[in-house]
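One structure is given below, encoded as structure tokens.
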Amino acid sequence: MAKSRYTKDHEYARVEGDIVTVGISDYAQSQLGDVVYVELPRIGRKFNKGEEAATVESVKAASEVYAPVSGEVVEVNSALTENPAKVNEDAEGAGWFFKLRIGKEAEVGTLMSEADYQSYLKEL
Amino acid sequence: MAEATTPPYDALARTPLFELHLELGAKMVPFAGYEMPVQYPMGVLGEHLHTRDRAGLFDVSHMGQAFLIGPDHETVAAALEALVPGDILGLAPGRQRYTQLLNDEGGIIDDLMVTRAALADDDGRLMLIVNAARKQADFAHMRERLPASVRLTVAEDRALIALQGPAAEPALARFCPAAATLAFMAAMSAEFDGVDCRVSRSGYTGEDGFEISLAADSAAQVARALLTHPDVAPVGLGARDSLRLEAGLCLYGNDIDETTSPVEANLSWSIGRRRREEGGFPGAARILRELADGPARLRVGILPVERAPAREGTEIVAKDGELIGEITSGGFGPTFGGPVAMGYVAAPHAVIGAEVGVMVREVARPARIAEMPFVPHRYLRKPKGN
């Protein structure tokens, strides 16, 4: 499986060719608590890096999921609509949110490596 | 996670169960000036469902406990009736009642439970339980208005533990068999494993259950004892909120505040006939007028049709887009199985079943005005030795 890169807002971005799979990190799901609802973007929707792309809600509050890089939505994980708990169970695997066709290749390099993300978490 | 997160909040107060919460793996958060458990490792969803299925144990020691003390019940009750619209004079020994402290405009300063002691020896005493976030304001307000013959004594060294759910009675019976025979909204002094407690059969979840007031020093012992019962699990403030929301119960600061009258808040049921006829409480002119003519707005249930929760602050619109109200509490109801909310809607639109829109992330999502509770109350109905 391709390595994941991460954002400061705890999204992960797993690049395979020109497609990136986006979700929230395991740390993020543990902070959020039980996920009860997920709102996914429309296929074909284009986002700039940092734009709100999806919403994830716990019992208590709603959180935004931001596009880690610019791109166009090519696939969404509809399984999360029926079973939002998947985000807690396997955030970085089966709990993925959406896939983007990468718009600006150079943006991928600005994301944190897994090692850098783990260091970042230690400082929080 | 094995460890509780304990933020370095030096200014926060702690309840007598603080150490126990850490031992149980609680995630602690600031709430009303206290460090409180928002959840334990079971999580908010799990704790909520456990409470309705079996029994949840809640630390609510942050709430204010106080006594009104006077020469006899009639004097103390009259003093309190000058501040609340409830029937306190008619409160029988060993009974508890829900009412609200009102300001001069008929708005709600706080909602509270009032209990009259069961025994004649304690005549002239009323026990009050008020919200943590309002207790200082409540006590100051009352002190200013009480007659010389009645004094307010704040119980500084007491804890309050709630045990709620269908297994609450058998769990309590194991240690305090007398209190397990209480009727709904009744109260007594009883011994729990040798510890003196005041127990009422009431709560904030819509389930059958009890609230136990006791000396702070004995709180951990009683809590630990209850936790040895296989059906009892610790439950935090996160699930406490989702439970009361499903039960249609108000949260002060969200659903009721100094601008809302009990009539607007759909709490008229707590104002008895004698008080409606006689008044004699702050803001009576407004409240009696609202009872006669209807209030300008009404607290109602709102059920989103789709899955997105509609939370506090969400605007409510009519089908034509006209702004008709606002959600004051909303979230996901784990037992209900979907989003639930309550809020205020302009009276002409406050019709059960009416189709409305709720503005979530700038889109009007379909919803309807609905009866509350969203999950039926299961208060004890069968008569017990009362």
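Here are the numbers for the structure shown:
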| read-out | value |
| --- | --- |
| About the Cα centre, charge dipole magnitude for segment B:66-122 (Lys/Arg +1, Asp/Glu -1 at Cβ), debye | 220 |
| Span per principal axis, largest first, for the Cα atoms of segment A:4-123 (Å) | 37, 36, 21 |
| Label-point separation in nm, A:Ser30 to B:Asp257, each point 7 Å along Cα→Cβ | 3.6 |
| Those residues of segment A:27-57 whose amide nitrogen sits under 12 Å from the label point placed on A:Ala79, 7 Å along Cα→Cβ | none |
| Estimated distance in nm for a label pair at B:Arg151 and B:Asp53, the labels positioned 7 Å out from Cα along Cα-to-Cβ | 5.1 |
| Inter-label distance, nm, simple model (7 Å from Cα along the C-beta direction), B:Thr75/A:Asn48 | 7.3 |
| Computed over segment A:11-80, Cα set: Rg, Dmax in Å | 12.0, 37 |
| Percent RCO, i.e. relative contact order, over segment B:25-173, from Cα pairs under 8 Å lying at least 6 residues apart | 32 |
| Segment B:322-386: chymotrypsin sites (Phe, Trp or Tyr not before Pro) in DSSP coil with no more than 11 other Cβ atoms inside 10 Å | none |
| Euclidean distance between Cα centres, segment B:183-251 to segment B:134-168, Å | 16 |
| Under 27 Å from the Cα of A:Lys3 - lysines, other chains or at least 8 residues apart | A:Lys46, A:Lys49, A:Lys86, A:Lys99, A:Lys104, A:Lys122 |
| Span from the segment A:29-73 Cα centroid across to the segment B:53-132 one, whole angstrom | 46 |
| Cβ neighbours within 10 Å from other chains - mean over A:28-36 | 4 |
| Loop-located GluC sites (Glu not before Pro) in segment B:20-114 whose Cβ has at most 14 other Cβ within 10 Å (DSSP) | B:Glu105 |
| Cα Rg, Dmax (largest Cα-Cα span) when computed across the protein assembly as shown, Å | 25.3, 83 |
| Relative intensity, log₁₀ I(q)/I(0), of chain B from a Debye sum that treats every alpha carbon as a point, q = 0.08, 0.12, 0.13 Å⁻¹ | -0.41, -0.96, -1.13 |
| Choice from A:Asp18, A:Asp26, A:Asp34 with maximal GNM fluctuation in chain A (Cα, 10 Å cutoff) | A:Asp18 |
| Net charge of Cβ neighbours under 12 Å - reference A:Glu89; Lys, Arg +1; Asp, Glu -1 | -3 |
| Extension gain from B:Phe336 to B:Ala364, taking 0.36 nm per residue of separation minus the Cα-Cα distance | 7.8 nm |
| In segment B:66-169, the trypsin sites (Lys or Arg not before Pro) that fall in loop regions by DSSP, at most 12 other Cβ within 10 Å | none |
| Max mean-square fluctuation residue, GNM over chain A, Cα-Cα springs under 10 Å, options A:Lys46, A:Lys99, A:Lys60 | A:Lys60 |
| Long-range Cα-Cα pairs in segment B:296-386 (distance over 21 Å), rounded percent | 29 |
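Each value in this text was obtained by applying a stated rule to the coordinates, not by laboratory testing. Keep in mind the model is a prediction, meaning the values are calculated, not measured. Glycine also receives a Cβ, built like all others from the backbone with ideal geometry; neighbour counts cover every protein chain displayed.
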